[in-house]
Amino acid sequence: MNFDALFKVNCGMYIVSAKHGEKLNGQIVNAIVQVTADPVQLAISLNKVNLTCEMLKDRCSTFVVCLLEKDTPMKLIGQFGFKSGREINKFEGVNHRPAKNGAPIILDNTIGYLEAETVSKHDCGTHMLFIAKVTEAELLKEGEPMTYLYYRDVKKGLTQKNAATYHKPDAKAPPAPPK
């Protein structure tokens, strides 16, 4: 199988954030798609081992999707994509405010956000698929959103092992791009 074909599937780069009690967490996600218009609903895929997935699966039903701008620094992507919220406070030093639903909205490097409430959960093996109704949507500034293709090809970003698009390097898969 040529995994390069899968990397051409159009998707963006987002941070999905949630709050349970006083705990804030978030993670980089590229597997999000709008699935209905009336009501507006999203499907998002999160790896079961990630804290954000655990929070949405077991503890809270609302979250925020931050739409990252094209020039988001790799430091922010690394903080939310390659570190665990079980080990660090991902929001330390990150400019954010609470959404109406309480989940954090990242203010820097975000062109807009969506607030959502989970309506169903589906076990997909390594990942959980959440279907969620969008309850609020706002643009914070003008700008071009970051795509996963831009992240991989221009920024030379790597794919975290828990990502929906991760493939183990082997003889059939292409090597990961250089850092």
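The values are calculated or read from the model by the stated rules, or taken from the named source; none is laboratory data. These numbers come from a predicted model, not from an experiment. Positions of Cβ are backbone-derived with ideal geometry, glycine not excepted, and every protein chain shown enters the neighbour counts.
How many residues are at pLDDT 90 or above and either in a loop (DSSP other than H, G, I, E, B) or more than 16 Å from the chain's Cα centre (by Cα) (or both) when one looks only at the stretch 7-27? Residues meeting the conditions: 5.
In the stretch 102-122, the residue that is nearest to residue 142 (Cα to Cα) out of those that are over 16 Å from the mean Cα position of the chain (by Cα) and free of Cβ contacts under 8 Å to residues at least 40 places away in the same chain is 120. Within the stretch 124-133, the set of residues being of a type outside the set (D, E, K, R) and either touching a residue at least 40 places away in the same chain (Cβ under 8 Å) or in a strand (DSSP E or B) (or both) comprises 124, 126, 127, 128, 129, 130, 131, 132. Residue-level check: of (1) in contact with a helix residue (DSSP H, G or I) (Cβ under 7 Å, 6 or more places away or on another chain); (2) within 19 Å of residue 155 (Cα to Cα), residue 26 misses just (2).
Just one of the listed residues (55, 1) is modelled with pLDDT under 95 and either over 16 Å from residue 114 (Cα atoms) or buried (at least 18 other Cβ atoms within 10 Å of the Cβ) (or both), namely 1. Residue selection: residue 111 satisfies the criterion of being out of contact with any Phe, Trp or Tyr (no Cβ under 7 Å at 6 or more places or on another chain) and under 17 Å from residue 30 (Cα atoms). Just one residue in the set 37, 116 is of a type outside the set (S, T, N, Q), more than 28 Å from residue 154 (Cα to Cα) and crowded, with 18+ Cβ neighbours inside 10 Å; that residue is 116. A single entry from 121, 83, 100 fulfils the requirement of being assigned to a loop (DSSP other than H, G, I, E, B), among the charged types (D, E, K, R) and at pLDDT 95 or above: 100. Just the residues that are over 16 Å from residue 122 (Cβ atoms) and in contact with a helix residue (DSSP H, G or I) (Cβ under 9 Å, 6 or more places away or on another chain), please, taken from the stretch 30-58. 30 - this is the single residue of the stretch 30-58 that is over 16 Å from residue 122 (Cβ atoms) and in contact with a helix residue (DSSP H, G or I) (Cβ under 9 Å, 6 or more places away or on another chain).
Looking across the stretch 1-56, just one residue is within 21 Å of residue 111 (Cα to Cα) and aromatic (Phe, Trp, Tyr), and that is 14.
Picking from residues in the stretch 91-113 that are more than 25 Å from residue 10 (Cβ to Cβ) and of a type in the set (S, T, N, Q), the one that is surrounded by the most Cβ atoms within 10 Å (Cβ to Cβ) is 101.
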